[in-house]
Each structure stands twice: as structure tokens, then as C-alpha cells.
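Engineer: Sending over a structure as C-alpha cells; questions will come in a sec.
The values are calculated or read from the model by the stated rules, or taken from the named source; none is laboratory data. Note that this is a predicted model, so its numbers are computed, not measured. Don't worry about glycine lacking a Cβ; one is built from the backbone with ideal geometry, like all the others, and counts go over all protein chains shown.
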Amino acid sequence: MERILPLELVGTEKLDYDLLDEKGDLIFPKGEFLTASVLIKLSYLKLYKHEFVSIEMPDIKIGLSEQKSIESLIKQSAGSELLIDTRNILQKAYDNVPVKLEECVKSTKIIIDEVSAAFKNIYCIDQLRIYDEYTYSHNINVASLSTAVGMMLNLDEKEIKELALGAFLHDIGKMKIPKEVLNKPDKLDNKEREIMRRHTSAGYRYIKENFEIADRIARVALDHHEKFAGKGYPNGINGVLINKYAQIVNIVDIYDALASDRVYKKGIPRAKVLEIMTNELKNDFNRNFFEKFLILANPDYEPEEAPES
């Protein structure tokens, strides 16, 4: 993304590009008029726009991506069970009631079974998502999509189980964020955003303190907002220093967050989400993992061959 200074906006009646925050979330849409009050509010924020130059774009099927909804291949009975179990697990974590590891493993087993059964019939990655209250469906969707990407990467059975569990627990630290911040029905201000960012460390601590699982699984919660080229959080690490499973979860976490309806925003159409993510490829994602995700998201995508040395 390209940094935009608030002073550059002075004298501009309306923008021909979207204004984004440092996470890539939309702050102010293109085409809207910039009033004095809006400019004052924007002056306190870090602003960015996407650079649409020299972009390696996949051939996205616009017609398919503009469909209002795509039927999930996750069986309705399995989806309902997952939502109930996820709600119970997160509520326990929120209320400081002990969560048993077996409860989480049960959910991830259902997810793995459902994704395995549907895998050969996927023509659009949205077929592995379920649509319900974001807080609960997001954890399920991230685990499902991560599992599918893991299968594309030919991870073995043990790795798939670890990846699915780490993905399912990736946001459990949000249950330790003050409810006035967690449940705010509007965009977070800078202070609130910093508080929300603590969910990565809080989740890692919670998992280590409550579950006897390998550190590589727990670290998904800690590392899933790190960026492959650095400058993520909480530690700003890069490349292979980032937990391998978290590198996968980072991709699908962003996809599901952008594509989902939230209290304060409508979900972005799939083609636009993929366009945004492809523009962020060099900065944020493991290239190999992201290409596998793109193949799932858009079956017509063909990765470019590496140049001969």
C-alpha cells in the first residue's frame, strides 16, 4: 500500500481511490465528498491507498464472484453443531471457565472431515465457509479454509490436524479483550485498535496455560498477524521466523474478515477481496502458500513459472 498524508487531501473535493487504514480496512470510499469535518477526522489517522501498478493479477471470474451467496459444502447439521460448540467454547473462555482441549479437537475433527469430503468438489473457496454471527463463524471458516490450503500443500495427516486446531484457536485471545472494545459496533479508534492487537499475545498465553499442546500449534494465535516481509504484530518478525501454520492462517483470516458482513460494514465481493489481497502479496504473504489459496479461490488461476536462472 502507498502511504497518503492527510495534507495531500486538502483541496480535494472527492477521491478517485479508497482510503485504507494500515490493516487494509476501508476508512473512506472513493467517490464520496470530502467535507471539512471528514478531513479533520482523517488528519488523526494513518492513511493508505492501494498501488495498482505492475500487479500480477489472477484471472478472476467476475460473474461467479458477484453471486450474492454460494451454497456451502459444509453439511447443515455439521455447521449447526460447529456453531453451537464454538459459541460454548468462546463463551467459556470469556467467562474464565476452563475449556477442555477435547472440545476443541472435536470441532476440528468435524471440520477436517467436512473439508476432506468436499475437497474434490470445490470450485470456489466460499463453498467451505458458513454464514452466521461473525464472532463464531469466523473461527470455523478460518479453520476450514486453512485445512483446505494445507491439503493443497500436501501436508500430512498430523500437520493437517495441528493446522486445523491452531486455526480454530487463532482468535481465542479476543475473549480476553474488554467487551466495550470487542463488541463496539463501529470502527475502533487508535487506542482501541492497540488494545485489540493484544489478542494475539493473550491467545497464546491462554492456550499455553490451559492446553497441553505443542508450541507450534499455540504459536498460530501469536503469529497470525505477522507479515511475511515484516512489520506485522506483535513482534514484527518475518519470513520463516513466522510459524508455518500461522502463515497459512494469516491468508485465510484476512480473506474471511474482508468477505464477511460485520456490524459496521458489509462484506466485500470476492473478486475485490482477491484483488486487494493480490496487491498485498509481496508484503504480507508466503508466496507459495498464497498461490495455493488463489487456486482454491479461483480455479482458473495459473501460477506463473519461475524465470530460468
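Engineer: Filter the stretch 125-137 down to the residues that are in contact with a helix residue (DSSP H, G or I) (Cβ under 6 Å, 6 or more places away or on another chain) and over 15 Å from LYS75 (Cβ atoms), then identify the one that is surrounded by the fewest Cβ atoms within 10 Å (Cβ to Cβ).
Structural biologist: TYR136
Engineer: Out of LYS191, LYS231, which single residue is in the same structural domain as PRO178 (by TED's automatic domain parsing), more than 30 Å from GLU103 (Cβ to Cβ) and either in contact (Cβ under 8 Å) with a residue 40 or more places away in the chain or assigned to a loop (DSSP other than H, G, I, E, B) (or both)?
Structural biologist: Going through LYS191, LYS231 in turn, just one is in the same structural domain as PRO178 (by TED's automatic domain parsing), more than 30 Å from GLU103 (Cβ to Cβ) and either in contact (Cβ under 8 Å) with a residue 40 or more places away in the chain or assigned to a loop (DSSP other than H, G, I, E, B) (or both): LYS231.
Engineer: Does ALA246 fit the bill of being small (Gly, Ala, Ser), farther than 18 Å from THR147 by Cβ and assigned to a helix (DSSP H, G or I)? Can you show your working first?
Structural biologist: On the way: small (Gly, Ala, Ser): yes; farther than 18 Å from THR147 by Cβ: no; assigned to a helix (DSSP H, G or I): yes.
In short, no.
Engineer: Moving on to the next point. If you scan the stretch 203-232, which residues turn out to be under 18 Å from the mean Cα position of the chain (by Cα), of a type in the set (A, V, I, L, M, F, W, C) and at pLDDT 95 or above?
Structural biologist: ILE217, ALA218, VAL220, ALA221, LEU222 - these are the residues of the stretch 203-232 that are under 18 Å from the mean Cα position of the chain (by Cα), of a type in the set (A, V, I, L, M, F, W, C) and at pLDDT 95 or above.
Engineer: Which residue is surrounded by the fewest Cβ atoms within 10 Å (Cβ to Cβ), if the candidates are limited to the stretch 55-92 and must be in a loop (DSSP other than H, G, I, E, B) and modelled with pLDDT of 60 or more?
Structural biologist: The selected residue is GLU71.
Each row is one residue, and each column tells you yes or no for (1) without any contact (Cβ under 8 Å) to a residue 40 or more places away in the chain; (2) under 23 Å from LEU155 (Cβ atoms); (3) among the β-branched types (Val, Ile, Thr).
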| residue | (1), (2), (3) |
| --- | --- |
| ILE213 | no, yes, yes |
| HIS225 | yes, yes, no |
| GLY236 | yes, no, no |
| GLN247 | no, yes, no |
| ILE251 | no, yes, yes |
